[in-house]
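Single-structure report; data block below.
The values are calculated or read from the model by the stated rules, or taken from the named source; none is laboratory data. Given the structure is predicted, the values throughout are model-derived calculations rather than measurements. Here the Cβ is made from the backbone with ideal geometry for all residues, glycine too, and neighbour counts use every protein chain on show. Side chains included, ligands, DNA and RNA excluded: accessible areas come from the protein's heavy atoms. Shrake-Rupley method; radii C 1.70, N 1.55, O 1.52, S 1.80 Å.
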Amino acid sequence: MELKNVKIISGETKADGSLSDFASDFLNFPCELDTDGEYIVMPGFCDVHVHFREPGFSYKETVKTGTLAAARGGYTAVCAMPNLNPVPDTLSALDVQREIIKNDAEIAVYPYAAITKGERGEELSDMEKLAPYVAAFSDDGRGVQKEEIMRHAMIKAKSLGKIIAAHCEVNELLKGGYIHDGEYAKAHGHRGICSESEYKEIERDLKLAKETGVAFHVCHVSAAESVELIRKAKAEGVDVTCETAPHYLVLDETDLKECGDYKMNPPLRGKKDREALIEGLKDGTIDMIATDHAPHSNEEKSKGLKDSAFGIAGLETAFQVLYTELVKSGVITLNKLVELMAVNPRKRFNIPFDGFSVWDIDKSVVINPEEFLSKGKSTPFKGKRVFGENVLTVSCGRAVYKKQK
């Protein structure tokens, strides 16, 4: 491979065996790239929180389009959430999804199984039969409301050596809200979602995790109080990890516009919450960054803040936005970002290193959703000028994305 100005970033001060292999994979890969920029070669990113919508909702996204989008964003592995039809709560239902993945996925896709049947929070899924074939268990999009059900799920997951990954939300505190219960909501007459709806269920689940000893993972942390609860639980020895998403790290309620591109759950919160998340990244409380890639049709996202569907597309913009806003500004190092996007997710979810991506790190581009390979085009970063352009992603020895000349 004939490249000038190549830097290999591992995400660790001292890479271990499987991780360092990606560097030799890169050096032995037969490909020539033309650019004058500085190349950064990184292990393929791993996103433990994506929605690929298939089976059941393929008009929003498919495994094919979702994995193509992931590859363009530098990802070589993802974990796909179970809010599908059929819900993967039995092995036969999961097999429908696994067959699509086998036939259509461009990168490694590790499915989640539901914690409860139909994600309804009433009865446990067939966890024992599902466990060998899934990354973890989650009722993503729905908090498990009954404490006793979550306790039983954690006990079962612990016995199976599996992670419980929780969307933490107290339903009775939502009160019809759809953006953060802050200054913007008050000023513009919107119904707010209070931070308490997130952190009260995290508090409950951390207590249960301590009691049961389960490996517990908190999805899409957005509130300052949540960060502090997780920090305290880690100090007490609870086996807990957590993720946040790019939009919570670089945007807050002061960035809101009357547009569906800014509607996601949890919502963009206040400035103090964003600052707490960044501190959580720095001190290790927040272990990883996941996109919560949640594509919808243009029609579903064109109804304003109140009536649009929750969720945005995130796979194709994540590294660019984070590199521009956090690394170039000196908030964290590039090595730390790779640790958060590639190394830590794999360590926690036991996902092997399986490829690399090559970035022209000096290239300045404007985010244009019409160029997305995802079916989902909704993003609050539309029109944003960012640095970094992916020129090549290789997964399991195969080029799964190459920038067209």
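Any idea how many residues of the stretch 319-330 are open to solvent by 50 Å² or more (accessible area, probe 1.4 Å) and in contact (Cβ under 8 Å) with a residue 12 or more places away in the chain?
The number of residues fulfilling the criteria is 2.
Being open to solvent by 40 Å² or more (accessible area, probe 1.4 Å) and either without any contact (Cβ under 8 Å) to a residue 60 or more places away in the chain or in contact with a Lys or Arg (Cβ under 6 Å, 6 or more places away or on another chain) (or both) is the filter here, so list the residues in the stretch 175-190 that pass it.
Passing the criteria: Lys175, Gly176, Asp181, Lys186, Ala187, Gly189.
Based on this model, can you work out whether Glu299 counts as acidic (Asp, Glu), more than 27 Å from Lys186 (Cβ to Cβ), part of a loop (DSSP other than H, G, I, E, B) and over 15 Å from the mean Cα position of the chain (by Cα)?
Here the answer is yes, as Glu299 does meet what is asked.
Of the conditions (1) open to solvent by 10 Å² or more (accessible area, probe 1.4 Å); (2) at pLDDT 95 or above; (3) under 30 Å from Gly213 (Cβ atoms); (4) not in a helix (DSSP H, G or I), Lys347 satisfies every one except a single condition; which number is it?
(4)
Being in a helix (DSSP H, G or I), in contact (Cβ under 8 Å) with a residue 60 or more places away in the chain and open to solvent by 10 Å² or more (accessible area, probe 1.4 Å) is the filter here, so list the residues in the stretch 302-318 that pass it.
Within the stretch 302-318, just Lys306 meets the criteria.
Take the stretch 90-108 and flag every residue that is closer than 17 Å to Phe57 by Cα and of a type outside the set (S, T, N, Q).
Ala93, Leu94, Asp95, Val96, Arg98, Glu99, Ile100, Ile101, Asp104, Ala105
Any idea which residue in the stretch 112-133 is farthest from the chain's Cα centre (by Cα), counting only those that are farther than 17 Å from Glu148 by Cα and crowded, with 23+ Cβ neighbours inside 10 Å?
Among those that are farther than 17 Å from Glu148 by Cα and crowded, with 23+ Cβ neighbours inside 10 Å, it is Leu130.
Taking the condition of being open to solvent by less than 30 Å² (accessible area, probe 1.4 Å), over 19 Å from Arg348 (Cα atoms) and either among the hydroxyl-bearing types (Ser, Thr, Tyr) or part of a helix (DSSP H, G or I) (or both), how many residues in the stretch 218-238 meet it?
3
Any residue that is open to solvent by 40 Å² or more (accessible area, probe 1.4 Å), under 26 Å from Arg348 (Cα atoms), of a type in the set (Asp, Glu) and not in a loop (DSSP other than H, G, I, E, B) - is there at least one of those in the stretch 239-250?
No, because not a single residue in the stretch 239-250 is open to solvent by 40 Å² or more (accessible area, probe 1.4 Å), under 26 Å from Arg348 (Cα atoms), of a type in the set (Asp, Glu) and not in a loop (DSSP other than H, G, I, E, B).
Quick one: in the stretch 251-278, which of the residues that are assigned to a helix (DSSP H, G or I) and among the hydrophobic types (A, V, I, L, M, F, W, C) is farthest from His293 (Cα to Cα)?
Ala276
Of the conditions (1) of a type outside the set (Lys, Arg); (2) modelled with pLDDT of 95 or more; (3) surrounded by fewer than 22 Cβ atoms within 10 Å (Cβ to Cβ), Phe45 fails just one. Which one is it?
Here Phe45 meets the rest and fails (3).
Could you check Phe26 against (1) open to solvent by less than 50 Å² (accessible area, probe 1.4 Å); (2) touching a Phe, Trp or Tyr at 6+ places or on another chain (Cβ under 6 Å); (3) at pLDDT 95 or above and say which number it fails?
(3)
Taking the stated definitions as given, is Ala294 touching a residue at least 40 places away in the same chain (Cβ under 8 Å) and surrounded by 23 or more Cβ atoms within 10 Å (Cβ to Cβ)?
Yes, satisfied.
Since Glu128 meets every condition but one in (1) touching a strand residue (DSSP E or B) at 6+ places or on another chain (Cβ under 7 Å); (2) part of a helix (DSSP H, G or I), which condition does it not meet?
The failed condition is (1).
Restricting attention to the stretch 160-217, which residues are in contact with a Gly (Cβ under 6 Å, 6 or more places away or on another chain) and in a loop (DSSP other than H, G, I, E, B)?
Result: His167, Cys168, Glu169, Gly177, Asp181, Gly182, Arg191.
Provide a single number: the residues in the stretch 262-273 that are more than 17 Å from the chain's Cα centre (by Cα) and open to solvent by 30 Å² or more (accessible area, probe 1.4 Å).
Within the stretch 262-273, residues that are more than 17 Å from the chain's Cα centre (by Cα) and open to solvent by 30 Å² or more (accessible area, probe 1.4 Å) number 2.
Cβ-Cβ distance below 6 Å, separation of 6 or more or different chains: which pairs start in the stretch 67-81 with a residue that is without any contact (Cβ under 8 Å) to a residue 12 or more places away in the chain and more than 10 Å from Glu316 (Cβ to Cβ) and end on one that is open to solvent by less than 10 Å² (accessible area, probe 1.4 Å) and in a helix (DSSP H, G or I)?
Correct list of pairs: empty, since none qualify.
If the requirement is being over 22 Å from Gly177 (Cα atoms), small (Gly, Ala, Ser) and modelled with pLDDT of 95 or more, which of these qualifies: Ala224, Ala215?
Step by step, each of Ala224, Ala215 is checked, and only Ala215 is over 22 Å from Gly177 (Cα atoms), small (Gly, Ala, Ser) and modelled with pLDDT of 95 or more.
Does the stretch 374-392 include one or more residues that are assigned to a strand (DSSP E or B), over 21 Å from His293 (Cα atoms) and among the small types (Gly, Ala, Ser)?
no
Quick one: how many residues across the stretch 358-373 are farther than 13 Å from Lys7 by Cβ and either surrounded by fewer than 12 Cβ atoms within 10 Å (Cβ to Cβ) or not hydrophobic (A, V, I, L, M, F, W, C) (or both)?
The total comes to 7.
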